[in-house]
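Remarks on the structure that follows.
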Amino acid sequence: MTGTKMTLAKALNAGLRRAMEDDDKVVLMGEDIGRLGGVFRITDGLQKDFGEARVVDTPLAESGIVGTAVGLALRGYRPVVEIQFDGFVYPAYDQIVSQVAKLHYRSGGRVAMPMVIRIPFGGGIGAVEHHSESPEAQFAHTPGLKVVACADPVDAYWMIQQAISHPDPVIFLEPKRLYHSTKAEVDVDATPGPLFASRVARSGSDVTVLAYGPTVKTALTAAEAAAGEGKSVEVIDLRTLSPLDMAPVYESVRRTGRAVVVHEAHVNLGLGAELAARITEQCFHSLEAPVLRVGGFDTPYPPARAEEYFLPDLDRVLDAVDRSLAW
């Protein structure tokens with residue numbers, strides 16, 4: 001094992017570097033990603049080592065950035081676009097859902113669209129308006145796009161490389177509040193698991209908690225606290241939001257009989273609704289309680305001083321676990 005302790009941000013940087021070393025068709029594009037290294041320093045040092053032609057500082061024009069990436073993909077490149085903050089992706093939304101998602105189908109499979117759109121997502125950093133959005137459901141609802149979310153440095157390192165080498169467009173969601181607060185040993189010589197697969201992050205037998213991105217850490221903290229009260233909580237990190245990998249979820253819920261979905265996005269018509277529907281359809285006779293959802297409230301994301309009341313936290317997850325067990 002060749003392990004190096006990295007933050008999630010450093011793991012992404014190392015993964016991008018390795019992808020660029022392995023394939024000279026990989027081109028990075030985004031606002032301030034070159035000389036500055038990105039606002040979160042994910043591309044730090046890459047322009048210095050790979051040059052301005054492969055790490056491109058772009059104007060503040062998200063639709064133009066993604067549109068240019070479409071042209072590069074058509075010419076055989078593998079563009080990796082950085083959207084500086086989640087709320088800035090909406091000017092590029094038309095390009096993503098109308099062009100990126102559809103060109104492969106529109107061309108009858110003759111045109112490939114190997115593109116990664118990296119989006120720092122979620123809240124928890126005390127940012128201002130437009131900097132703490134959770135747009136995953138909007139992209140997961142769009143056929144033609146793959147959507148994944150990493151939650152720790154090991155996944156960050158491997159998943160970004162797998163996304164870049166994938167032939168279809170991938171929306172790559174990065175939990176911004178974990179960039180510099182989460183560290184782990186990354187074995188750069190390991191054989192990674194598949195990109196589009198969920199995983200059991202903590203085994204348990206009483207309740208299944210489903211999470212992804214930033215809420216995986218919250219769910220694991222809640223599971224640890226619940227264990228102190230004699231409750232065994234299984235945590236599944238979904239990792240892939242489109243396609244959803246439901247087999248481990250069904251296996252877990254059939255054992256525990258209970259499921260709680262945790263995400264930062266608004267509950268109304270969010271990923272939790274789709275997960276609850278699928279679990280109910282496939283595990284109906286095993287359920288001891290309805291599938292419960294813990295998420296952001298159905299309001300615009302609040303000012304920074306109030307975000308602690310908006311985001312799912314330890315107490316709200318534990319309350320949902322208790323309500324499920326009490327049913």
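The values are calculated or read from the model by the stated rules, or taken from the named source; none is laboratory data. No experiment lies behind these values; they were computed from the predicted model shown. Heads up, the Cβs are rebuilt from the backbone with ideal geometry, glycines too, and the neighbour counts pull from every protein chain shown. Just so you know, the surface numbers come from the protein's heavy atoms only, side chains and all, with ligands and any DNA or RNA stripped out. Shrake-Rupley method; radii C 1.70, N 1.55, O 1.52, S 1.80 Å.
Can you tell me which residue is nearest to residue 136 (Cα to Cα) among those in the stretch 225-239 that are outside any loop (DSSP other than H, G, I, E, B) and open to solvent by 10 Å² or more (accessible area, probe 1.4 Å)? Looking at residues that are outside any loop (DSSP other than H, G, I, E, B) and open to solvent by 10 Å² or more (accessible area, probe 1.4 Å), I get 225. Taken over the stretch 152-186, the criterion of being among the aliphatic types (A, V, I, L, M) and within 26 Å of residue 99 (Cα to Cα) is satisfied by 159, 160, 163, 164, 170, 171, 173. In the stretch 19-54, of all residues being open to solvent by 60 Å² or more (accessible area, probe 1.4 Å) and within 21 Å of residue 85 (Cβ to Cβ), the one that is nearest to the chain's Cα centre (by Cα) corresponds to 41. Residues considered: 69, 92, 73. Of these, the only one that is open to solvent by less than 20 Å² (accessible area, probe 1.4 Å), in a helix (DSSP H, G or I), under 23 Å from residue 28 (Cβ atoms) and touching a Gly at 6+ places or on another chain (Cβ under 9 Å) is 92. With respect to the stated conditions, residue 261 fails to be assigned to a strand (DSSP E or B), free of Cβ contacts under 8 Å to residues at least 40 places away in the same chain and surrounded by 22 or more Cβ atoms within 10 Å (Cβ to Cβ). Quick check: is even one residue across the stretch 106-118 touching an Asp or Glu at 6+ places or on another chain (Cβ under 7 Å) and either open to solvent by 60 Å² or more (accessible area, probe 1.4 Å) or without any contact (Cβ under 8 Å) to a residue 40 or more places away in the chain (or both)? No, the stretch 106-118 has no match at all.
Are any residues in the stretch 168-192 touching a residue at least 24 places away in the same chain (Cβ under 8 Å), surrounded by fewer than 20 Cβ atoms within 10 Å (Cβ to Cβ) and not aliphatic (A, V, I, L, M), and if so, which ones? Once the filter is applied, which keeps residues that are touching a residue at least 24 places away in the same chain (Cβ under 8 Å), surrounded by fewer than 20 Cβ atoms within 10 Å (Cβ to Cβ) and not aliphatic (A, V, I, L, M), the stretch 168-192 yields 168, 180, 181, 183, 185, 187, 189, 192. Pull up the stretch 102-132, narrow it to residues that are in a loop (DSSP other than H, G, I, E, B) and among the β-branched types (Val, Ile, Thr), then point me to the one that is nearest to residue 217 (Cα to Cα). Looking at residues that are in a loop (DSSP other than H, G, I, E, B) and among the β-branched types (Val, Ile, Thr), I get 125.
Note on the stretch 284-320: residues that are among the basic types (Lys, Arg) and buried (at least 21 other Cβ atoms within 10 Å of the Cβ) total 1. Of all residues in the stretch 53-66, those that are more than 9 Å from residue 32 (Cα to Cα) and assigned to a strand (DSSP E or B) have Cβ atoms under 6 Å from Cβ atoms of residues that are among the small types (Gly, Ala, Ser) and modelled with pLDDT of 95 or more, 6 or more apart or on another chain, in 55/34. Residues in the stretch 76-88 that are in contact with a strand residue (DSSP E or B) (Cβ under 7 Å, 6 or more places away or on another chain) and open to solvent by 30 Å² or more (accessible area, probe 1.4 Å): 77, 78. Scanning the stretch 240-257 for any residue that is on the phi > 0 side of the Ramachandran plot and either crowded, with 16+ Cβ neighbours inside 10 Å or without any contact (Cβ under 8 Å) to a residue 24 or more places away in the chain (or both) turns up at least one such residue.
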